[in-house]
Structures are given as structure tokens and as C-alpha cells.
Amino acid sequence: MLDHTIDPNTWISNYADYMFNYAITRVNDREMAKDLVQDTFVAGLKSMENFKGEASERTWLISILKRKIIDYYRKKNSKKGQAEVRVGYMNEDQEGDWLEERVADPFSKDAQDIIENAELGKAISECMAKLPKKQKQVFEMKTILDYETKAICNELGITSSNLWVIIHRARITLADCMKKNWF
């Protein structure tokens, strides 16, 4: 097992961009995304003693950010009575990414959510099936199976920058497909 340590002095240089990109895809508001990342860093500083080293520092910070995003939507929805929040995820300890987390609330017993989840799952599967083989493989390994970047690169014989280009292209293709088939 790897020994994960925590160093708040490196958070901004190591994680700010990644966390901002993570937040902006979920709230679609640049200023709010910046605020959420800042709030995450503050919360991380306040709860450093809770870091057990069982996950990487980035995974730990992302789990805090996920909670901040959920709190943001809860507050937004309770004040304005807008549509129900549709930010849920498979497992809080997983970093997850982008589309995999944009499903109806899995804890809701609402029949509409169950139908939407089934329809969304089908649309995602159909769109993923249309990806080129390598894009699909890299995307699944990184975002669904949660493999480490280094492990994927070693297994497929690609560089980390190539991996991120492939994931970026897969996301663009999936987003276009989902716009046509779901949204």
C-alpha cells in the first residue's frame, strides 16, 4: 500500500486547475467553480487531521469538492425551488469524472428518476459504443474502472499526455453524442 501524505503548500500548484475543471463541468459557472475550489481548500485545511492516507491527496480533495458541489445545489434549490439536484455518484471514494456523475439522484425513490437513470444509462452505453476502440478503452479504464494513469500508460504503451488527449477527445465525442441522443 502506498503511503500517501498531505502537503497543503502544494495544493494550488498541483490540484487547482484539475479541481476547477472538475467543478466547472458540474456547475457551469466560472466564478462559482472558483469559489467551490477555494472552499474545498479551506475545508481541507480545517480537516487535515482527518486525512488517513488511504487515498491520494487529490482523491481526498475531490471528495471534499464533491460534497461542496452537492451543498451548492442543495442551497440553490432550497432557496429558489428550482429543479431537483441531479448530482450523484457511484462511490464517494472514487474520483469519477464528468458524465459518470451526472445522473438522477440514485437514492431517490421517485419513479421518474428510475426511468431517467435507465434511459441515461442506455444513451451513455450507445454513445460509448460509437467511440473508436482506443478512446473507449482508455476512457473506461480511467473514468469508469478508476485505473491510475501510470497503469493505463504502461498497459497500453502510451504517454500520459497522449492518455489525456484521448480522454479529452472521447469526452467531446460523448458530449456531442449525448446532446443528440439525450439532452
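Among the residues of the stretch 39-53, those identified as of a type outside the set (Gly, Ala, Ser), surrounded by 15 or more Cβ atoms within 10 Å (Cβ to Cβ) and part of a helix (DSSP H, G or I) are ASP39, THR40, PHE41. When the stretch 156-180 is filtered for residues that are surrounded by 12 or more Cβ atoms within 10 Å (Cβ to Cβ) and over 19 Å from THR25 (Cβ atoms), the ones remaining, listed by number, are LEU156, ILE158, ASN162. Figure legend. Inter-residue proximity from the stretch 168-179: first residues at negative phi and of a type in the set (Ser, Thr, Tyr), second residues surrounded by 15 or more Cβ atoms within 10 Å (Cβ to Cβ) and not in a helix (DSSP H, G or I), beta-carbon distance below 9 Å, spacing 6+ or different chains. Indicated pairs: THR173/LEU131.
Quick note: the coordinates plus some simple rules give every number you see, no bench work behind them. Computed from a prediction, not measured in an experiment: that's the story for all the values here. Every residue, glycine as well, gets a Cβ built from its backbone with ideal geometry; the counts of neighbours run over all protein chains shown.
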